[in-house]
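Here the structure is laid out as structure tokens; the discussion comes afterwards.
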Amino acid sequence: MPQIKSKIKRTKTNAKSEAKNKSIKSEIKTCIKNTLAQTKKKDAIEIFNFAQKKIDASVTKGVYKKNTASRKKARLAKHLASLK
């Protein structure tokens with residue numbers, strides 16, 4: 001356990017942000033899995049749009065970097081294009 005007061009505060013805030021980021025990342029992973037599990041294009045489009053919104057929101061919150069989010073969306077779009 002840290003002795004310095006500022007380090008104690010940083011430890012608390014790091015734990016809070018880590019928990020927040022972890023829940024957001026988990027939610028995005030679930031959206032991606034749901035999109036990839038769809039076999040019909042119509043159903044997949046709705047989930048894809050929701051996943052895209054979540055990914056974009058995570059970039060503005062600082063959970064993901066811009067290029068990481070772009071790569072995730074591109075991979076989802078590629079899968080969506082392959083559906084019939």
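Rule-based calculations on the coordinates, nothing more; no lab input. Because the structure is predicted, anything quoted here is derived from the model rather than measured. Glycine also receives a Cβ, built like all others from the backbone with ideal geometry; neighbour counts cover every protein chain displayed.
Annotations for the structure displayed:
- Residue that is nearest to Lys22 (Cα to Cα), among those in segment 34-63 that are under 13 Å from the mean Cα position of the chain (by Cα) and not in a helix (DSSP H, G or I): Val63
- The requirement of being of a type in the set (S, T, N, Q) and surrounded by 13 or more Cβ atoms within 10 Å (Cβ to Cβ) is not satisfied by Asn14.
- Flag for Ser58 being touching a residue at least 12 places away in the same chain (Cβ under 8 Å) and of a type in the set (Gly, Ala, Ser): yes
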